[in-house]
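The values are calculated or read from the model by the stated rules, or taken from the named source; none is laboratory data. What you see is a predicted model; the values in this text were computed from it and never measured. Every residue, glycine among them, receives a Cβ derived from its backbone with ideal geometry; neighbour counts consider all protein chains shown. In case anyone asks, the SASA skips ligands and DNA or RNA and just uses the protein heavy atoms, side chains included. Shrake-Rupley method; radii C 1.70, N 1.55, O 1.52, S 1.80 Å.
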Amino acid sequence: MEPDNLYRLLMAPAAATPDQPAVVQPDEDGVLEEISYRALDDRIREYATVLDGLGLDVGDRVVVEADTSAAAVAMLLACAKLGLPFVPVSPQTPDSRLRTILQSVGPALHVRADGLADRELAEVGGRGRFGRDGLVVELPPVRGPRRRRAVLGTDTAYIVFTSGSTGRPKGVVMSHRSIVTFLRAMRADGLAGPGDRVASTSPLQFDFALFGIGVALSSGAALVPVRREQLDSPRRMVAFLREAEVTQVHGVPSLWRPVLRHDPDLLSGLTRLRSVVFAGEEFPLPELRRLQETLPAARLVNGYGATESMAASFTDVPNPLPAGQDRLSIGHAHTGAEMTLVDQHGAAVTEPGQVGEIYLRSPALFTGYWNDPGATAGVLVLDPIEPRHGQKVLRTGDLARLGEQGELYFIGRADFQVQIRGNRVELGEIEGTLTRLPGVTAAAVSLVPRLGNHVLMAAVVLDDPAAGLDQAEAIAFCAKELPAYMVPRSVHALSELPLTENGKVDRAVLNRTLAAPR
Ligand code: ADP
């Protein structure tokens, strides 16, 4: 029996359906080209031959800096084949952050896609570049002793650094066994299949990009990487998705904001589109409703989870979304995993309507945080329901409410729960209230220090910015809907919510924006 390996899982179609497209992307002249599974596998083997000649050991890290493309996928899978954990980073990563990652993981090699602008970095390990013409090693890594012989399922497939949307970035170490188990579950749940064309829109360092690559290739579908330039304009984005005959789009909720705001009618041209998978944060309900109205035939799928297990659940948004519904279901965990709600005393939450922290039981959990056993011990914990088994589960730090059928409703991160005058407050609940205000499409709330105190301040995005916001009216609306201690002191209209590199609301920037005197 062959041990689980990401390369083997994703390149299985190369033997079964070698001529099917694995990647669909524009060539150098901007004309769409199809790269077959056979051609992709040939590229992987070519890169792997060069890597293999460097005398690296199983477990030696390779930092891969690229946008998602056939070459990038080939590079990642060549590393996986040889048991060299890859650390994906996007070319947009600031130098300072890349330096921190390089210092932290101590890679044997840092390879960059052809055509990227030079960077000023102190050398850490060897250096190379790769593209259509192969992998060129510009500075060979220092050879160490070879201590390993075989690549095992328990070995590391990749290390992804989280964006640190709460706290400092951590390197999430994922084994081949975990990621292969996860992707097999996606296949069992029928997320994608042969004939699908799966558009991936996230930067390579976000595991949402790896998710797209994994889901597409493990199910014999084609991956369609969408470039950043195409995402900058709704018109270009939609034209590209249409031309590439995309059937499934993966992206964070903010991906859809510009097109919904400026040109929703364009979306009706996406006649091949069958599903939209969003993940990473809550989809503001007014925007989600609008997306559903403009794409009535498409399944909208709410993907919930964290890098520490790639994802936990995929739940169809009801079509149509009932008018009174104010929270989205994150349903039940994917096949082979289970989510349990646990209260502050460590007991399972069993009563519908009650809130608890989500614990994930799964064979696809991460191994630990890179070089951080303390942080690892904080989240890979003994199963609180029955610790005597010694089973480790993921303590997600997310809160949810139990539904009538055992389904869960995400209500926010435990660390977004703030205390106001002795009351526990979910910022998400205030945000949900603000998005029910006519004309508001998205909202974010911060607890901001003011004169030795903390006050709630809100930012909203308006459907029609020219219409302006009546702040007093917005506050009065909240006062009608919420207890007094949850009413924001001020509500400001922003043209955009600040976003992280991964496209999620950037809470740190938002806090600074709202705290700034005006
Ligand atoms: P970071 O935010 O540091 O980049 P992750 O991408 O792993 O790290 O973030 C995972 C977190 O994002 C989850 O724990 C949860 O709080 C939030 N999240 C992910 N998907 C959803 C979703 N569908 N709905 C609401 N929140 C989500």
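Do the conditions hold for Leu447, that is, is it in a loop (DSSP other than H, G, I, E, B), away from the ligand (no atom under 16 Å from the Cβ) and either touching a strand residue (DSSP E or B) at 6+ places or on another chain (Cβ under 6 Å) or over 21 Å from Thr513 (Cα atoms) (or both)? No.
In summary, Ser268 fulfils each of the numbered conditions (1) open to solvent by 20 Å² or more (accessible area, probe 1.4 Å); (2) assigned to a loop (DSSP other than H, G, I, E, B); (3) of a type in the set (Gly, Ala, Ser) with the single exception of condition (2). Within region 123-141, is even one residue within 16 Å of the ligand (Cβ to nearest atom) and open to solvent by less than 10 Å² (accessible area, probe 1.4 Å)? Scanning region 123-141, I find no residue that is within 16 Å of the ligand (Cβ to nearest atom) and open to solvent by less than 10 Å² (accessible area, probe 1.4 Å), so the answer is no. When Ser313 is evaluated against the numbered criteria (1) open to solvent by 20 Å² or more (accessible area, probe 1.4 Å); (2) near the ligand (Cβ under 9 Å from one of its atoms); (3) of a type in the set (S, T, N, Q), which criterion, by number, is the only one it fails? So Ser313 meets the others, but not (1). Within region 316-350, being without any contact (Cβ under 8 Å) to a residue 60 or more places away in the chain, away from the ligand (no atom under 15 Å from the Cβ) and either over 17 Å from Phe410 (Cβ atoms) or open to solvent by 60 Å² or more (accessible area, probe 1.4 Å) (or both) holds for Asn319, Pro320, Pro322, Ala323, Gly324, Glu338, Gln344, His345, Gly346, Ala347, Ala348, Thr350. Residue pairs whose Cβ atoms lie under 7 Å apart, separated by 6 or more positions or on different chains, with the first residue in region 427-438 and outside any loop (DSSP other than H, G, I, E, B) and the second of a type in the set (D, E, K, R) and surrounded by 20 or more Cβ atoms within 10 Å (Cβ to Cβ), are Gly428/Glu282. The number of residues in region 142-185 being under 27 Å from Phe206 (Cβ atoms), away from the ligand (no atom under 16 Å from the Cβ) and open to solvent by less than 60 Å² (accessible area, probe 1.4 Å) comes to 11. Is it the case that Val505 is within 25 Å of the chain's Cα centre (by Cα), within 16 Å of the ligand (Cβ to nearest atom) and loosely packed, with under 14 Cβ neighbours inside 10 Å? Spelling it out, it is not the case that Val505 is within 25 Å of the chain's Cα centre (by Cα), within 16 Å of the ligand (Cβ to nearest atom) and loosely packed, with under 14 Cβ neighbours inside 10 Å. Listed conditions (1) buried (at least 24 other Cβ atoms within 10 Å of the Cβ); (2) within 16 Å of the ligand (Cβ to nearest atom) are all met by Ala199, apart from (2). Taking only region 202-223 into account, find how many residues are open to solvent by 10 Å² or more (accessible area, probe 1.4 Å) and of a type in the set (Phe, Trp, Tyr). Counting residues in region 202-223 that are open to solvent by 10 Å² or more (accessible area, probe 1.4 Å) and of a type in the set (Phe, Trp, Tyr) gives 2.
On inspection, Ala414 does not qualify as away from the ligand (no atom under 16 Å from the Cβ), open to solvent by 30 Å² or more (accessible area, probe 1.4 Å) and either of a type in the set (A, V, I, L, M, F, W, C) or at positive phi (or both).
Does Leu399 fit the bill of being of a type outside the set (Val, Ile, Thr) and buried (at least 20 other Cβ atoms within 10 Å of the Cβ)? Yes; evaluated as a whole, the condition is true for this residue.
Applying a threshold of 6 Å to beta carbon distances and a minimum spacing of six or more residues, or different chains, the list of pairs starting in region 239-256 at a residue that is over 21 Å from Gly303 (Cβ atoms) and ending at one that is open to solvent by 10 Å² or more (accessible area, probe 1.4 Å) and of a type in the set (D, E, K, R) reads Glu245/Arg197; Glu245/Arg272.
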